[in-house]
Amino acid sequence: MSVLDLRRGPQLPTSAAVELGRERRRTLMVRLGLAALAVGLLTAAFLVSRDLKALPTTYFATGSGGIVVLDLSSSVDQQKAQRAQRVIRSMAETEGRIGLVVFSDTAYEMLPPDTRSEELRPILRFFEAPPGGFRRPGFGRPGGAPTTQQGREESPWSLSFRGGTKISTGLAEARAIIHREGDPSLSVLLLSDLDNSGFDSSALTEEVSAYEREGLRLRVIPLFPAAEDRDFFERVVGTDAVLDRAELVRNTTVKESLTLVGSSPWTLVLIGTGLLGLLALNERFGARLVWGRAA
């Protein structure tokens, strides 16, 4: 007995092999035809999936997480802080991993990159505007002194960040974290009003150049910057790195529970239905010949 015979399982001799030949050939043709259709549908699904306009609901397109670099300098007023809060809330609603660096004239790591994004929720209260006053993150009145009469909740960084803005410090801290983690796929997302100190322009340009040399991905969410500040920053990082308003609104208004959102892929749904139909037809008309005892 050959190996092929063993693989086919138990066999019985029959004198009706000639009579069954026609059915065998018909079954073979049906199976080959259905297989060809299935290959065609799988090819179509592959081609259609490449053209889907799926949009990342997080700001880290690589899907591997990233580091948020958050500006907490005194120039971040109520309107700017509220935009930052919307962005942070949208990230907190994902199921990804995220790191957080906060900065003013200095920077420090608040959350490491492998932190669950939901851990961002506790800091949202420091950006809220309750009745009777806005809860600034540590800057209740000019000069950085907090005001208790507004009912503002004291933030962890109230006593740390009372200086100007040096964006290079935040970006440098994020880059150092990426080196420490050994994961260059981590993206960096800067949230800032871009009101950078003039003394930091050279350091900022050098830091952005370091990102480019090392192939690190940097994106910027401007918090209502002045026109001249935005123009300068776009010259340094490039216009493609700065999110426009449409993309910002799209990301902050989507309640995220998955990695991707987009228009419903009805073409893929139809192709999947077709594949299920082919499997059913194969089971119905392409099954091997079986028999049992006569009734």
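The values are calculated or read from the model by the stated rules, or taken from the named source; none is laboratory data. Everything quoted here is computed from the prediction, not taken from an experiment. Methodologically, a virtual Cβ is constructed for each residue, glycine included, from the backbone with ideal geometry; neighbour enumeration extends over all protein chains shown.
General remarks:
- Across segment 184-203, the qualifying residues are those that are of a type outside the set (Gly, Ala, Ser) and surrounded by fewer than 21 Cβ atoms within 10 Å (Cβ to Cβ), and the one among them that is farthest from Ile98 (Cα to Cα) is Phe199.
- Complete set of residues in segment 110-125 that are in contact with a Gly (Cβ under 7 Å, 6 or more places away or on another chain) and either farther than 29 Å from Phe199 by Cα or in contact (Cβ under 8 Å) with a residue 40 or more places away in the chain (or both): Pro112, Pro113, Thr115, Ser117
- Thr43 vs. criteria modelled with pLDDT of 85 or more, closer than 22 Å to Phe126 by Cα and surrounded by fewer than 17 Cβ atoms within 10 Å (Cβ to Cβ): no
- Any hit, segment 264-272, residues being under 23 Å from the mean Cα position of the chain (by Cα), within 27 Å of Met91 (Cβ to Cβ) and at pLDDT below 65: yes
- Filtering Val249, Val236, Val220 for residues that are within 30 Å of Glu118 (Cα to Cα), at pLDDT 85 or above, of a type in the set (Val, Ile, Thr) and not in a loop (DSSP other than H, G, I, E, B) leaves a single hit, Val220.
- Residue count for segment 76-131 under the criterion of being part of a strand (DSSP E or B), among the hydroxyl-bearing types (Ser, Thr, Tyr) and over 21 Å from the mean Cα position of the chain (by Cα): the result is 1.
- Every residue from segment 70-104 that is aliphatic (A, V, I, L, M), touching a strand residue (DSSP E or B) at 6+ places or on another chain (Cβ under 7 Å) and in contact (Cβ under 8 Å) with a residue 60 or more places away in the chain: Leu70, Leu72, Ala84, Val87, Val101, Val102
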